[in-house]
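A short reminder: the numbers here are calculations on the coordinates, not readings from a lab. Model, not experiment: these values are computed from the prediction. Cβ placement follows ideal geometry from the backbone for every residue including glycine, while neighbour counts extend to all protein chains displayed.
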Amino acid sequence: MGKEKKLIVVGGPTASGKTSLAIEIASLFETEIISADSRQFYREMNIGTAKPTSEELTSIPHHLVGHLSILQDYTVADFERDALKKLEEIFEKNEWAVLVGGSGFFIQTICEGLDDLPKVDPAIKNAWQEQFESKGIKFLQDELAAKDPDYLEKVDPQNPARLIRALSFFQAHEQPISTFLSGKRKKRNFQTYYLSLYWPRDMLYERINQRVDNMMEVGLLEEARGLLPQRGQQALATVGYQELFSHLDGKLSVEEAVTLIKQNSRRYAKRQMTWMRKQNQWRRCGNKKLALSFVDWLKNGGTWSTSKEKDRLEILMAGPEGSGNALVGKKPGGISAMIKTSGPQAPFINEQFEDQVLSISEGKKIFWNKGQL
């Protein structure tokens, strides 16, 4: 029997540094990356989606990045089919693979599978599509907030296809689509490890603002201008493009459009963080160095429980330098412990889990051995 296949999922809010972390992890394992960022699927959308650079795409093989045109229809079921096929190809060559993305729904699709839902009359979907085209995405968001707020929390609110799907389902079956989502995982033939990058809100928002400024400097306005004739495509109903379309229509100054892009990006990040906090399987890391330390530990035979029980390994770091951090893990005897420290000189960050004495919540001390939990 061959070795168990393992998938490392890299998540986190927009502008948290997922792409660079995923590339370093893939390099460590000499493997490949599959994107679960639904905005990066489209070849015409580059700057506004923070797509990996040509150098990054060359350094590590990436899949499902720029493989579609915005003129193509592409469902989450299509993504599940394509991503699982790519994973199978990667696992034929490698024990490890990396999945990276900002779309929690698409990540869940690969790791847990889609529910089999009752059918919806295409005419109902077409009617909602027409309302979207005439009234805009804010109309869809408001309608779904009233009909199925639980589902709105789970999906990208800037993705009209997801919103139309839920609204059509509600109209067809007079019940929220969220009540039909079983939450039951489909059995996959690989083990999954979830890592996310965490930033304090004020620092993340500053990163978002800076990234928007950088996008404008390298040509986001020109990219949006070139896409203006296709503005009705669902793929373009997203942050960074809609605001600049309004500017190009003369409704907003460029300064107002940029301010709105930043504001909407921050709102999207907040929704991503809210969703992730509700997902117990994620291990949150406050800096890339810590995340890579845990991945290296995994590579060298370490394991962590994927259980949602209290004794699971959970990384809960706050701040890029480890300020005000805590790590929930296991002592060598298997007993759960809360290990706390603070400040940028946190020993389990800088020494990367070499033998250290760390104080725990009860004021006792234990030895933390590298590779031993």
* For an R0 of 25 angstrom, estimate the FRET efficiency from the Cβ-Cβ distance between residue 281 and residue 214 and round to the nearest 0.05. => 0.20
* If R0 is 41 Å, what FRET efficiency do you get for residue 254 and residue 4 from their C-beta distance, rounded to 0.05? -> 0.20
* **Inter-site label distance for residue 30 and residue 85 at 7 Å from Cα along Cβ, in nm** => 2.8
* Want the number for residue 175 to residue 130: 0.36 nm per residue separation, take away the alpha-carbon distance, what's left? -> 14.0 nm
* Structure fact -> For residue 58, the net charge from surrounding residues (Cβ-Cβ under 14 Å; K, R +1; D, E -1) works out to -2
* Structure fact -> Residues other than residue 79 with Cβ under 14 Å of its Cβ, Lys/Arg counted +1 and Asp/Glu -1, net out at -1
* Asked: Given the Cα-Cα distance of residue 43 and residue 71 and 0.36 nm per residue of separation, how much length would full extension add, in nm?
  -> 9.0 nm
* the range 122-180 shape via C-alpha gyration tensor axes, a/c threshold 1.5 -> oblate
* Structure fact -> Per the 1/(1 + (r/R0)^6) rule, R0 = 41 Å and r from the Cβ atoms of residue 119 and residue 299, FRET efficiency to 0.05 is 0.35
